[in-house]
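Below is one structure; the comments refer to it alone.
The values are calculated or read from the model by the stated rules, or taken from the named source; none is laboratory data. Predicted, not measured: the structure shown is a model, and the values here were computed from it. So basically every Cβ, Gly included, is an ideal-geometry build from the backbone, and we count neighbours across all protein chains shown.
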Amino acid sequence: REPVLAADGHTYERLAIERWLRQHNSSPMTGATLAHRYLTENFALRNLIQSCDSHRRLGVTRRVEALEDVDQPEVSQAPAPPPPHPPPPRPVAAATAPADVTSDAAPAAAAPSAAA
């Protein structure tokens, strides 16, 4: 794979565009006449293709390894214990009113009346 850039700004496979240029003086994409027939290597695209190929091969290797692992007997392991729960919140002490504040509540028992 050898991507090359033509005068029309498009990238082509070198063998394919050279074959085209033997019979045409125009862009295969636009049909417009080419300003020149020079082809420039597209290094960025070539490197990207090589990187994708190597990742694809690596992915195939990993898939094969994963399939090989399936054939191996599985080692049973005890399940991991659940994570510890946080401690319950501590109770908050009830606030008590200061001694000089009177309560709106009625007295629990009324004193006997002298008039009765």
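Key figures
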quantity	calculated
Selection from the range 1-49 of residues that are of a type in the set (Phe, Trp, Tyr) and at pLDDT 95 or above	TYR12, TRP20, TYR38
Residue in the range 16-26 that is outside any helix (DSSP H, G or I) and touching a residue at least 24 places away in the same chain (Cβ under 8 Å) present	no
